[in-house]
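Down below is the structure, laid out as C-alpha coordinates.
The values are calculated or read from the model by the stated rules, or taken from the named source; none is laboratory data. Since the structure is predicted, the reported quantities are computational estimates derived from the model, not experimental observations. Cβ: placed from backbone, ideal geometry, glycine included. Neighbour counts: every protein chain shown. Accessible surface is based on the protein model in full, side chains and every heavy atom, while ligands, DNA and RNA are left aside. Shrake-Rupley method; radii C 1.70, N 1.55, O 1.52, S 1.80 Å.
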Amino acid sequence: MARIAGVNLPTNKRVVIALRYIYGIGPAKAREICTKVGIAEPKRVNQLSDAEVLQIREIIDRDYQVEGDLRREIAMNIKRLMDLGCYRGLRHRKGLPVRGQRTHTNARTRKGKARPIAGKKIAARK
(Lines give C-alpha, C1' and ligand atoms only; values in the text may rest on other atoms or scores of the structure.)
Protein backbone atom coordinates (compact mmCIF):
# COMPACT_ATOMS: atom_id res chain seq x y z
CA MET A 1 0.00 0.00 0.00
CA ALA A 2 1.39 3.38 -1.05
CA ARG A 3 1.24 6.16 1.54
CA ILE A 4 1.61 9.66 0.09
CA ALA A 5 1.03 12.94 1.98
CA GLY A 6 -0.41 11.01 4.94
CA VAL A 7 -3.03 9.25 2.81
CA ASN A 8 -3.16 5.52 2.05
CA LEU A 9 -3.83 5.13 -1.66
CA PRO A 10 -6.14 2.23 -2.65
CA THR A 11 -3.96 -0.49 -4.18
CA ASN A 12 -6.25 -1.87 -6.90
CA LYS A 13 -7.13 1.46 -8.55
CA ARG A 14 -5.28 3.21 -11.38
CA VAL A 15 -2.65 5.70 -10.20
CA VAL A 16 -4.45 8.66 -11.85
CA ILE A 17 -7.63 7.82 -9.89
CA ALA A 18 -5.87 6.92 -6.62
CA LEU A 19 -3.98 10.23 -6.46
CA ARG A 20 -7.35 12.02 -6.24
CA TYR A 21 -7.79 10.59 -2.73
CA ILE A 22 -5.26 13.22 -1.62
CA TYR A 23 -6.98 16.48 -0.65
CA GLY A 24 -5.99 19.16 -3.16
CA ILE A 25 -5.31 16.85 -6.11
CA GLY A 26 -7.99 16.55 -8.76
CA PRO A 27 -8.11 14.98 -12.22
CA ALA A 28 -5.85 17.53 -13.95
CA LYS A 29 -3.16 17.59 -11.26
CA ALA A 30 -3.19 13.79 -10.98
CA ARG A 31 -2.61 13.47 -14.74
CA GLU A 32 0.12 16.12 -14.56
CA ILE A 33 1.93 14.26 -11.74
CA CYS A 34 1.78 10.99 -13.70
CA THR A 35 3.30 12.59 -16.80
CA LYS A 36 6.11 14.18 -14.72
CA VAL A 37 6.99 10.80 -13.21
CA GLY A 38 6.44 8.96 -16.51
CA ILE A 39 3.71 6.58 -15.36
CA ALA A 40 1.39 5.14 -18.04
CA GLU A 41 -2.38 5.79 -17.70
CA PRO A 42 -3.51 2.16 -17.12
CA LYS A 43 -0.86 1.41 -14.45
CA ARG A 44 -2.25 0.46 -11.03
CA VAL A 45 -0.96 1.46 -7.60
CA ASN A 46 0.04 -2.11 -6.69
CA GLN A 47 2.22 -2.24 -9.86
CA LEU A 48 4.27 0.83 -8.83
CA SER A 49 7.89 0.34 -7.81
CA ASP A 50 9.24 1.90 -4.62
CA ALA A 51 11.26 4.35 -6.72
CA GLU A 52 8.12 5.56 -8.55
CA VAL A 53 6.23 6.01 -5.26
CA LEU A 54 9.19 7.98 -3.91
CA GLN A 55 9.24 10.16 -7.06
CA ILE A 56 5.50 10.87 -6.75
CA ARG A 57 5.95 11.76 -3.07
CA GLU A 58 8.84 14.14 -3.85
CA ILE A 59 6.97 15.88 -6.69
CA ILE A 60 3.86 16.39 -4.52
CA ASP A 61 5.94 17.71 -1.59
CA ARG A 62 7.91 20.06 -3.85
CA ASP A 63 5.31 21.40 -6.30
CA TYR A 64 1.87 21.14 -4.68
CA GLN A 65 0.13 22.27 -1.53
CA VAL A 66 -2.01 19.39 -0.26
CA GLU A 67 -3.79 17.97 2.80
CA GLY A 68 -3.11 19.78 6.11
CA ASP A 69 -1.32 22.83 4.67
CA LEU A 70 -4.07 23.43 2.10
CA ARG A 71 -6.88 22.93 4.65
CA ARG A 72 -5.11 25.35 7.03
CA GLU A 73 -4.72 27.99 4.32
CA ILE A 74 -8.40 27.74 3.31
CA ALA A 75 -9.49 27.99 6.95
CA MET A 76 -7.26 31.05 7.43
CA ASN A 77 -8.75 32.71 4.31
CA ILE A 78 -12.29 32.15 5.64
CA LYS A 79 -11.29 33.41 9.10
CA ARG A 80 -9.76 36.54 7.50
CA LEU A 81 -13.02 37.27 5.65
CA MET A 82 -14.99 36.82 8.88
CA ASP A 83 -12.66 39.11 10.84
CA LEU A 84 -12.89 41.80 8.16
CA GLY A 85 -16.66 41.77 8.42
CA CYS A 86 -17.10 41.91 4.65
CA TYR A 87 -20.24 40.51 3.00
CA ARG A 88 -18.69 37.11 2.30
CA GLY A 89 -17.40 36.93 5.87
CA LEU A 90 -20.85 37.71 7.28
CA ARG A 91 -22.40 34.97 5.12
CA HIS A 92 -19.80 32.50 6.45
CA ARG A 93 -20.58 33.59 10.02
CA LYS A 94 -24.32 33.11 9.56
CA GLY A 95 -23.88 29.78 7.78
CA LEU A 96 -25.64 30.96 4.62
CA PRO A 97 -24.60 30.50 0.97
CA VAL A 98 -21.65 32.77 0.16
CA ARG A 99 -21.72 33.00 -3.61
CA GLY A 100 -25.08 34.54 -4.42
CA GLN A 101 -27.33 31.50 -4.43
CA ARG A 102 -31.00 31.91 -3.56
CA THR A 103 -32.09 31.18 0.00
CA HIS A 104 -35.88 31.58 -0.21
CA THR A 105 -36.08 27.93 -1.21
CA ASN A 106 -33.24 25.41 -1.37
CA ALA A 107 -29.88 26.17 0.33
CA ARG A 108 -30.60 23.29 2.75
CA THR A 109 -27.02 22.00 2.58
CA ARG A 110 -25.70 25.27 3.96
CA LYS A 111 -28.60 26.20 6.27
CA GLY A 112 -29.13 22.76 7.77
CA LYS A 113 -32.34 20.87 8.45
CA ALA A 114 -35.54 22.95 8.23
CA ARG A 115 -36.79 24.11 11.64
CA PRO A 116 -40.52 24.68 12.14
CA ILE A 117 -41.68 28.18 13.09
CA ALA A 118 -43.91 28.31 16.19
CA GLY A 119 -47.50 29.39 15.53
CA LYS A 120 -47.33 29.00 11.76
CA LYS A 121 -49.74 26.37 10.48
CA ILE A 122 -50.66 25.62 6.89
CA ALA A 123 -54.37 25.95 6.22
CA ALA A 124 -56.11 22.64 5.55
CA ARG A 125 -57.16 22.16 1.93
CA LYS A 126 -60.62 20.93 1.00
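Rundown of residues vs (1) open to solvent by 80 Å² or more (accessible area, probe 1.4 Å); (2) not in a helix (DSSP H, G or I), yes/no style:
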| residue | (1), (2) |
| --- | --- |
| I17 | no, no |
| Q65 | yes, yes |
| M76 | yes, no |
| K79 | yes, no |
| R102 | yes, yes |
| R115 | yes, yes |
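Suppose the filter is exposed (fewer than 12 other Cβ atoms within 10 Å of the Cβ) and either part of a helix (DSSP H, G or I) or more than 18 Å from the chain's Cα centre (by Cα) (or both); does N12 pass it? When the stated conditions are applied, N12 passes them.
The conditions of being on the phi < 0 side of the Ramachandran plot, surrounded by 11 or more Cβ atoms within 10 Å (Cβ to Cβ) and more than 21 Å from the chain's Cα centre (by Cα) are not met by V7. Of all residues in region 105-120, those that are over 14 Å from H92 (Cα atoms) have Cβ atoms under 8 Å from Cβ atoms of residues that are not in a loop (DSSP other than H, G, I, E, B), 6 or more apart or on another chain, in A114/R108. Looking only at residues in region 23-46 that are open to solvent by 80 Å² or more (accessible area, probe 1.4 Å) and part of a loop (DSSP other than H, G, I, E, B), the one that is modelled with the highest pLDDT is Y23.
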